[in-house]
Amino acid sequence: MSMELTEGIRKIGFARWYERQLMEAHLYLVTAFLCLILLTACLEGFSLRATGLEPLLRLVGIFAGCCVGVWAVRRYGAILGVAESIAGQSVCKQCASYGRLELIGAGLLAPRVRGENEAGRAEQPVAVRCRKCGHEWTMG
């Protein structure tokens, strides 16, 4: 499961959080690719004239490959989108250092609710401070 931004920055730092988000997203992409292989393998030999349970099992494989593949692609896009959005906001506007930030708090500088995350919980902006120059801003 995705580590939330505030937990990630607090526990492992921004750079590692971002790296883990990218790894998780690409694992979903690999899952989608494997589902595509399953789908093509099941479609290749599919025939309603086959005997026994083979046609039914191939249909189940096709259905499962489609469902899991679509789910994996959607998760890939969601995780990658959030990670890239946050990465774009992690540049200090004063000294232009990238990712050198520390967590001040969640929603302290901008307390309004911004939306909902994948779990349906409300997300608030995260207040951060540049470790190089001390400039503060919000991300999220």
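The values are calculated or read from the model by the stated rules, or taken from the named source; none is laboratory data. Model, not experiment: these values are computed from the prediction. Backbone-built Cβ (ideal geometry, glycine too); neighbour counts: all protein chains shown. The protein model used for the area step is the full one, side chains on, heavy atoms only, and it has no ligands, DNA or RNA in it. Shrake-Rupley method; radii C 1.70, N 1.55, O 1.52, S 1.80 Å.
Brief remarks follow.
- Residues with amide H under 5 Å from that of ILE104, placed H, sequence gap 5 or more: ALA127, VAL128, ARG129
- P(r) tail fraction, the chain - alpha-carbon pairs more than 25 Å apart, %: 44
- Unmatched cysteines, the chain - criterion: no other Cβ of a Cys under 4.7 angstrom: CYS35, CYS42, CYS66, CYS67
- Count Lys and Arg as plus one, Asp and Glu as minus one, and take only other residues whose Cβ is under 14 Å from that of LYS132; the net charge is then +2.
- What the phi angles of region 28-33 give under the Karplus curve with 6.51, -1.76 and 1.60, with θ = phi - 60°, is a coupling list of 5, 5, 5, 4, 4, 5 Hz, glycine and proline written as x.
- According to the Cα-based calculation, Rg over Rh for region 52-102 is 1.47, with Rh computed by the Kirkwood formula.
- Sequence ranges 51-62, 72-83, ranked by mean other-Cβ count within 10 angstrom, highest first: 72-83, 51-62
- What the Cβ-Cβ distance of GLU19 and VAL91 gives, at R0 = 22 Å and to the nearest 0.05, is a FRET efficiency of 0.80.
- Residue among LEU48, LEU27, LEU39 with the largest mean-square fluctuation in a Gaussian network model of the chain, springs linking Cα atoms under 10 Å: LEU48
- Think of each Lys and Arg Cβ as +1 and each Asp and Glu Cβ as -1; about the Cα centre, that makes the dipole of the chain roughly 400 debye.
- Accessible surface area normalised per residue over the chain is 64 Å², counting heavy atoms of protein chains with a 1.4 Å rolling probe.
- Computed over protein heavy atoms with a 1.4 Å probe, the carbon and sulfur contribution to the accessible area of region 6-110 reaches 66%.
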